[in-house]
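Below is one structure, written out as structure tokens, with a few remarks after it.
All of the numbers you see were taken from the coordinates with simple rules; none came from a lab. These numbers were taken from a predicted model, which means no experiment stands behind them. We place every Cβ from the backbone using ideal geometry, glycine too, and count neighbours over all the protein chains shown.
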Amino acid sequence: MKRILIIDDEFEVQNFFSFLLRNKGFDLSFASNKDEIDGCLACKPYQLALVDLKLPDTDGITILKDIKQRMPACKVVIMTGYSTVKSALEAIRLGADDYIEKPFDDITELELLIDKLLTSETSLDQDKALELAEQIGFVIGESQKMHHLLSLAYKVAQKNVTLLIEGETGTGKEVLARFIHEASSRLVHPFIGVNCGALTETLLESELFGHEKGAFTGATQLRKGFFEIASKGTLFLDEIGDASPSIQVKLLRILETREFMRVGSERHLHTDTRIIAASHIHLNEAVNQGKFREDLLYRLDVVKLHIPPLRERKEDIPFLAKYLLKRHAAQQLSFSSDAVHLMEQYGWPGNVRELSNVITRAITFADGETTIITPEYLSINLEISKHSPFPQAKQQEWVGNQEAKDIISLEQHLEKWKEGILSQWKSSGTIDLPSIMEQTKKLEQVVGTAFVKKALRETIGNRKEASRLLNISPRNLRYLLNEKGKDC
């Protein structure tokens, strides 16, 4: 028989669970204060505890720690009101398995949660989360921090709460937002992302709220905004810290009332979109500097998720590097131990995005030359990092290695070309023009390839951009790389 402990000081709540669970064959115990809790925990083991966050003489966080210390296998669900959801999320970080909000509006959902926690289904949640993350390209790696973030994101995805994602540039905030959308009940509805710092105030307002025909010059027809299009879905507001004061006011109103007006309209519209905001700056600091509204931050920061920078989870770097090789269909390549060590020591100010660019470039130059990616292939785009313990001279040496190799190779071909002409002249006093033309053609190929490689370095492996810089067609670029049958 499964034993469940209900900890709540409200008699109505205890009575509710007694009525809900008695007929299911569970052994129920109830406690409303610290002494009763201690007595229950000392009496018998429990498989599940439902714990109210606030009690007269203790709190849910303290009880959670006590239960996990005495009974590590006991599942714990925190019961909370909407105003204390943040504390409930802190409880999950400390080991709680889930949280539920009071009053309990969806009894069926509550029953399903209890049944799931009392069976082996909870062990499947992590597997489902990992599978979904892999499908959408949210690479977790090996670090405990990222696995904990994934578990937390998967749980809150199924709650109807506003989320704030903080993390440095390039950490993957939009990919995490898309993961949350795909893990929620809204996945069949639109996911729309907008960068609040990439648009002017007027254009951003029109994009978010829509406009009526004739609302301004150029508004030739009615246009629905993202809040209207993404209703019942998810709206991702990236770089929310860059939104103007006027836009911040309008966002505050829509978060409070779920109502908005199109530009040029006086009619209120309703939206049921879920808002996920993101910022690479700390919004608390922006509030202190007077750049962001404190009341808006309060509305956005119901649940905050923080993506750690790559330099704080270096154990993930080898895993990410192998994943990027696989994504580029370059499994024939591998990394030398020195290359892996360099990647682990570098500070990665651009985070996963920078790692992806560096490896894309390394693949471009290593393909056809070697099967082992060594430090000189990685050093193409590595800059001196304040986070890196490597000596500056050593890093600069790596940066120049590949370019030096190309110069030496070019000089060797030039010398061979000259020797061929001189040898013919000395031996016969004449020159075999067809032979010289053939050698010159080969030299042109070598020179052209050297310029192509240099252009590819400067464009992080972007072949179309390299073609533009060299003023040649992508087809000619492929020819110079001896890739006549490949596409750019």
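For this structure, a couple of remarks:
- Between Phe319 and Arg22, the C-beta separation translates, for a Förster distance of 45 Å, into a calculated FRET efficiency of about 0.40.
- In order along segment 154-169, phi translates into HN-Hα couplings of 5, 6, 6, 4, 8, 9, 8, 10, 6, 10, 10, 10, 10, x, 5, 4 Hz, rounded to whole numbers, per the Karplus curve 6.51 cos²θ - 1.76 cosθ + 1.60 with θ = phi - 60° and x for Gly and Pro.
- Length gained when the stretch Thr58-Asp35 is fully extended (0.36 nm per residue, less Cα-Cα span): 7.3 nm
- Annotation: amide H of Arg274 within the under-5 Å range of Lys232, Gly233, Thr234, Leu235, sequence separation 5 or more or interchain, hydrogens built in the peptide plane.
- Assigned charges on the beta-carbon of Lys, Arg, Asp, Glu; segment 137-306 dipole about Cα centre (debye): 540
- Whole-number percent relative contact order across segment 111-252, with pairs defined as alpha carbons under 8 Å at least 6 apart: 21
- Within segment 20-92, the proportion of Cα pairs with more than 19 Å between them is 34 percent.
- Segments 106-115, 465-474 sorted - mean Cβ within 10 Å per residue, highest first: 465-474, 106-115
- Ellipsoid semi-axes for segment 1-153, based on the Cα gyration tensor and the rule √(5λ), read 27, 17, 15 Å when sorted largest first.
- Basic side chains Lys and Arg get +1 at the Cβ, acidic Asp and Glu get -1 at the Cβ, and with that the dipole of segment 311-390 about its Cα centre reaches some 280 debye.
- Pairs of Cα atoms farther than 19 Å apart, segment 137-306, %: 56
- Pairwise centroid distance, computed over Cα atoms, of segment 24-89 with segment 239-317, Å: 34
- Value of relative contact order over segment 3-119, rounded to a whole percent, pairs C-alpha under 8 Å and six or more apart: 22
- At R0 = 60 Å, FRET efficiency that the Cβ-Cβ distance of Cys43 and Arg267 yields, to 0.05: 0.45
- Over 20 Å between alpha carbons, listed pairs Lys2/Lys116; Lys2/Lys34; Lys128/Lys326; Lys54/Lys116: Lys2/Lys34; Lys128/Lys326; Lys54/Lys116
- A cut-off under 13 angstrom between Cβ atoms defines the neighbours of Arg3, and their net charge, with Lys, Arg +1 and Asp, Glu -1, is +3.
- Think of each Lys and Arg Cβ as +1 and each Asp and Glu Cβ as -1; about the Cα centre, that makes the dipole of segment 3-119 roughly 500 debye.
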